[in-house]
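Step one of this worksheet: look at the structure below.
The values are calculated or read from the model by the stated rules, or taken from the named source; none is laboratory data. The structure presented is a predicted model; accordingly, all values stated were derived computationally and were not measured. Note: ideal-geometry Cβ built from the backbone for every residue, glycine included; neighbour counts use all protein chains shown.
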Amino acid sequence: MRRVLALVSALCAALALLSSCTWGGADGDGARPPGAPSGVTAAAGSATSVHVMWTAVSTEPGIRVYEVYRGPTKVKEVPGSAHMVDVTMLKPATTYAFTVRARDKDGRLGPPSKEVRATTPRAVAADRAAPTRPGKIAGRAVGSRAVQLSWAAATDDRDVVSYDIHQGGTKIHSVGGNQTATVVTGLRPGTHYSFTVRARDAADNLSPATAPVRISTPGTDDGRGTAPTAFRATTHRADGAYHLDLSWVPPRTDGVVAEYQIQLDGRAATSLVYGGNPPRDKATYSFYLGPESGVGHRVRIRGRLPDGTWGGFSAERTVTTGARG
């Protein structure tokens with residue numbers, strides 16, 4: 001009897017060891033979850049928000065989403081192409097701890113990143129005075145995909161909490177109020193950029209923007225890698241008029257593409273801006289053309305990239321209202 005009990009005990013120990021060896025490692029099919037995001041930073045953006053950034057995780061079959069946690073609570077989920085987010089609705093004068101986890105396209109959730117902390121400043125009642133404009137901005141290219149920027153500090157009647165970096169009209173980066181320099185990455189070779197900086201205080205008042213600094217990254221980029229693909233255009237008739245129906249696959253970029261420009265017959269016809277979570281795999285859009293049949297049109301589309309520039313145009317398609325497919 002003792003021998004049987006000993007064998008059972010040994011078997012249980014072996015099973016426990018096997019379980020501990022496989023937990024958190026490869027799945028039964030040999031695939032592993034993605035690794036932990038690295039380079040995670042957190043900086044207060046105002047008395048009620050924190051800007052969290054991280055370095056993209058490289059894995060197969062690719063990252064579907066990143067999950068951002070405040071302590072044990074998931075507070076944000078962003079597409080796998082994104083690598084920063086603003087966590088809002090926080091309390092002033094409070095320290096928060098953040099981690100980031102990656103979930104791949106097969107649904108596997110990776111381990112949490114190293115924990116980072118940020119403290120929101122205290123709120124100031126009835127603060128309507130914006131910081132002064134930051135001083136002269138300067139910059140230079142650092143290789144073909146990054147630039148280094150610096151500027152003179154702004155002043156505020158309380159404190160400057162953060163600086164927002166804009167490329168064109170798009171905010172692409174944010175740093176703490178004690179920083180007056182940064183490196184912006186994820187840019188395109190052979191591209192002309194225009195950067196400005198604005199200061200923000202704890203009450204979310206924004207300063208005027210600096211004068212722009214214009215920088216060109218070395219190298220070449222024909223735009224093909226940043227153009228929407230699988231672009232299709234058809235028409236349909238409804239309520240006595242013709243409408244243009246478009247579909248495309250968004251460009252694969254290091255960030256989210258939330259704005260598109262549709263060009264009709266060689267001119268910008270309309271802009272499309274997605275709120276919330278922009279489509280990642282397939283996008284569609286339809287707009288009014290007119291009541292007449294037999295009218296031909298040329299159409300193509302491009303997206304505004306995370307670095308604030310326009311990407312390449314899609315292939316051009318032609319349609320004729322009332323034509324049979």
(message) Out of the residues in the stretch 178-191 meeting the condition of being in contact with a Lys or Arg (Cβ under 9 Å, 6 or more places away or on another chain) and in contact (Cβ under 8 Å) with a residue 60 or more places away in the chain, tell me which one is surrounded by the most Cβ atoms within 10 Å (Cβ to Cβ).
(response) Leu187
(request) Could you tell me which of the residues Arg304, Arg298 is in contact with a Lys or Arg (Cβ under 8 Å, 6 or more places away or on another chain) and surrounded by 13 or more Cβ atoms within 10 Å (Cβ to Cβ)? (result) Arg298
(message) From the list Arg158, Arg188, exactly one residue is closer than 22 Å to Ser216 by Cα and either of a type in the set (Lys, Arg) or not in a loop (DSSP other than H, G, I, E, B) (or both). Which is it?
(response) Arg188
(request) Determine which member of the set Gly219, Gly255, Gly225 is in a helix (DSSP H, G or I) and either exposed (fewer than 13 other Cβ atoms within 10 Å of the Cβ) or modelled with pLDDT under 90 (or both). (result) Gly225
(message) Could you check the stretch 118-169 and list, in sequence order, the residues that are under 21 Å from the mean Cα position of the chain (by Cα) and of a type outside the set (Gly, Ala, Ser)?
(response) Arg145, Val147, Gln148, Leu149, Tyr163, Asp164, Ile165, His166, Gln167
(message) Suppose the filter is among the aliphatic types (A, V, I, L, M), surrounded by 12 or more Cβ atoms within 10 Å (Cβ to Cβ), within 13 Å of Phe313 (Cα to Cα) and not assigned by TED's automatic domain parsing to the domain that holds Asp86; does Leu289 pass it?
(response) no
(request) Quick one: in the stretch 182-201, of everything that is under 30 Å from Ala125 (Cα atoms) and among the aliphatic types (A, V, I, L, M), which residue is farthest from the chain's Cα centre (by Cα)? (result) Ala199
(message) Return the residues of the stretch 241-294 that are among the basic types (Lys, Arg) and within 19 Å of Thr170 (Cα to Cα); say none if nothing qualifies.
(response) Arg252
(message) Among (1) surrounded by fewer than 14 Cβ atoms within 10 Å (Cβ to Cβ); (2) modelled with pLDDT of 90 or more; (3) at negative phi, there is one condition Asp265 misses while meeting the rest; what is its number?
(response) (3)
(message) If I ask for residues that are on the phi < 0 side of the Ramachandran plot and surrounded by fewer than 14 Cβ atoms within 10 Å (Cβ to Cβ), which ones from the stretch 110-137 would you list?
(response) Pro111, Lys114, Glu115, Arg117, Arg122, Ala125, Arg128, Ala129, Lys136
(message) For the condition farther than 18 Å from Asp281 by Cβ, out of contact with any strand residue (DSSP E or B) (no Cβ under 7 Å at 6 or more places or on another chain), modelled with pLDDT of 90 or more and outside the structural domain of Thr309 (by TED's automatic domain parsing), what is the one hit in Ala211, Ala199?
(response) Ala211
(request) Out of Leu206, Leu272, Leu246, report the one residue that is over 24 Å from Ala152 (Cβ atoms), surrounded by fewer than 21 Cβ atoms within 10 Å (Cβ to Cβ) and among the aliphatic types (A, V, I, L, M). (result) Leu272
